[in-house]
1. Filter segment 33-50 down to the residues that are touching a residue at least 40 places away in the same chain (Cβ under 8 Å) and open to solvent by less than 50 Å² (accessible area, probe 1.4 Å) and list them by number.
2. Residues 53, 7: which one is of a type in the set (Ser, Thr, Tyr), at pLDDT 95 or above and under 20 Å from residue 118 (Cβ atoms)?
3. In segment 65-98, what residues are open to solvent by less than 30 Å² (accessible area, probe 1.4 Å), in a strand (DSSP E or B) and farther than 14 Å from residue 4 by Cβ?
4. Just to be sure, is residue 61 under 16 Å from the mean Cα position of the chain (by Cα), open to solvent by 90 Å² or more (accessible area, probe 1.4 Å) and without any contact (Cβ under 8 Å) to a residue 60 or more places away in the chain?
5. For segment 101-108, state whether one or more residues are modelled with pLDDT of 95 or more and within 11 Å of the chain's Cα centre (by Cα).
6. Pairs, please: C-beta under 6 Å, at least 6 apart or cross-chain, first residue more than 17 Å from residue 57 (Cβ to Cβ) and in segment 97-125, second modelled with pLDDT of 95 or more and open to solvent by 70 Å² or more (accessible area, probe 1.4 Å)?
7. Restricting attention to segment 5-22, and to residues there that are surrounded by fewer than 16 Cβ atoms within 10 Å (Cβ to Cβ) and touching an Asp or Glu at 6+ places or on another chain (Cβ under 8 Å), which single residue is farthest from residue 107 (Cα to Cα)?
Amino acid sequence: QVQLVESGGGSVQAGQSLRLSCAVSGFSYMNYCMGWFRQAPGKEREGVAALGSDGTIRYAPSVSGRFIISKDNVPNTLYLDMDSLKPEDAAMYYCAADGGVCGGSWYLAWRYSNWGQGTQVTVSS
């Protein structure tokens, strides 16, 4: 039973930073793609960043240079470090994971089988 549990969301002012964490359990694929997505009200779920077991790291253009995706192996935890937050970054943030390589479909929500419940990020100006 795969479980992904996000934490670290909150309300911040523009320009501030947050670290989101995703605790992963019941997931033991040697080859994997793990990612962060976000969804604002009325918008489609957007791929933010992804990290693969082969070293692949991808970012959406809107967050490149500001966000960093990383992970710890023990305990298995995925992170998203968000700097210089903007009001347009406000959304529910979800972590996702699946076996295999990230490839060109890393930003497509439907390719991931395992999802967390989400953590809310609010950015005020």
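The values are calculated or read from the model by the stated rules, or taken from the named source; none is laboratory data. Predicted model, so just to flag it, every value in this text is computed and none were measured. Methodologically, a virtual Cβ is constructed for each residue, glycine included, from the backbone with ideal geometry; neighbour enumeration extends over all protein chains shown. Surface areas here come from the heavy atoms of the whole protein model, side chains and all, with no ligands, DNA or RNA. Shrake-Rupley method; radii C 1.70, N 1.55, O 1.52, S 1.80 Å.
1. Selection gives 33, 34, 35, 36, 37, 38, 40, 47, 48, 50.
2. Result of the check over 53, 7: 7.
3. Within segment 65-98, 67, 69, 82, 91 meet the criteria.
4. For residue 61, the condition - under 16 Å from the mean Cα position of the chain (by Cα), open to solvent by 90 Å² or more (accessible area, probe 1.4 Å) and without any contact (Cβ under 8 Å) to a residue 60 or more places away in the chain - is met.
5. yes
6. Within 6 Å, the pairs are 109/45; 116/5; 122/11; 124/13.
7. First pass over segment 5-22, keeping only residues surrounded by fewer than 16 Cβ atoms within 10 Å (Cβ to Cβ): 5, 7, 10-11, 13-17, 19.
Those still in the list that are touching an Asp or Glu at 6+ places or on another chain (Cβ under 8 Å) too: 17, 19.
Numbers: 17: 23, 19: 20 Å.
Checked segment 5-22; the qualifying residue farthest from residue 107 (Cα to Cα) is 17.
Matching residues to (1) part of a loop (DSSP other than H, G, I, E, B); (2) β-branched (Val, Ile, Thr):
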| residue | (1), (2) |
| --- | --- |
| 16 | yes, no |
| 41 | yes, no |
| 47 | no, no |
| 50 | no, no |
| 54 | yes, no |
| 63 | yes, yes |
